[in-house]
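To keep things clear, I will list the structure first and then write my remarks on it.
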Amino acid sequence: MSYPEKVYFGEAGEVSARYRPASTPIDNGVPGSGIHYLATTETTRGEFGLYRVVMRPKAGGPATHFHRRISESFFILDGTVRLYNGDKWVEAGEGDFLHVPQGGLHAFRNDSDAPAEMLLLFTPGAPREEYFERLGEVAAADRAAFLDEHDSYFVEN
């Protein structure tokens, strides 16, 4: 394993960091439930996407699925999130982490009576914002193409 290829070739560095205060409103959803776009594929030049997911009590979650082109990692910030690792469901709490490589079956849910928060990390970066924003409005006839475009393949449990 070695370091990746150079991306920056300047001699003195540059001012290019982005700061996002905790008080920034949710990017997709409503207060108390939604997604903060912390670092999108666009801002990281395709390296990764990082999102803070705020889940209301009994929010549920997506069914078992996998990705062919991106890995997905979960880091629980607060509350209890049920994580499916492809073999079994695990009750994950603050500080718990799950990494799912490409092809790995996974799912997540908040079935508890309390809110929960977690970080989602996708690598390499992918334009997940459109997926988050449009999933609920895609017509059934267009759903398969939309899911394929967004590297999401759901399986029967």
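The values are calculated or read from the model by the stated rules, or taken from the named source; none is laboratory data. Fair warning: this is a prediction, and the values are worked out from it, not measured in the lab. Each accessible area value is taken on the protein alone, full model and side chains, heavy atoms only, with ligands, DNA and RNA left out. Shrake-Rupley method; radii C 1.70, N 1.55, O 1.52, S 1.80 Å.
Observations, loosely collected:
- Under 5 Å between amide hydrogens, built in the peptide plane, is the criterion, and for T40 it picks out L50 among residues at least 5 positions away or on other chains.
- Region 78-96 and region 105-157 have their alpha-carbon centroids 17 Å apart.
- Evaluated at q = 0.11, 0.14, 0.26 Å⁻¹, the base-10 log of the normalised Debye intensity for region 1-85, with identical point scatterers placed on the Cα atoms, takes the values -0.47, -0.71, -1.53.
- Carbon plus sulfur fraction of accessible area for the chain, probe 1.4 Å, in percent: 54
- Put simply, the chain fits an ellipsoid with semi-axes of 27, 20, 17 Å; these come from the alpha carbon gyration tensor as the roots of five times its eigenvalues, largest first.
- Residues whose placed amide H lies under 5 Å from that of A92, excluding near-sequence neighbours: V81, R82, L83
- Volume in Å³ per residue [convex hull over Cα atoms, computed for region 70-157]: 116
- With 10 Å bins from 0: P(r) over region 118-157, alpha-carbon pairs, percent: 24, 53, 22, 0
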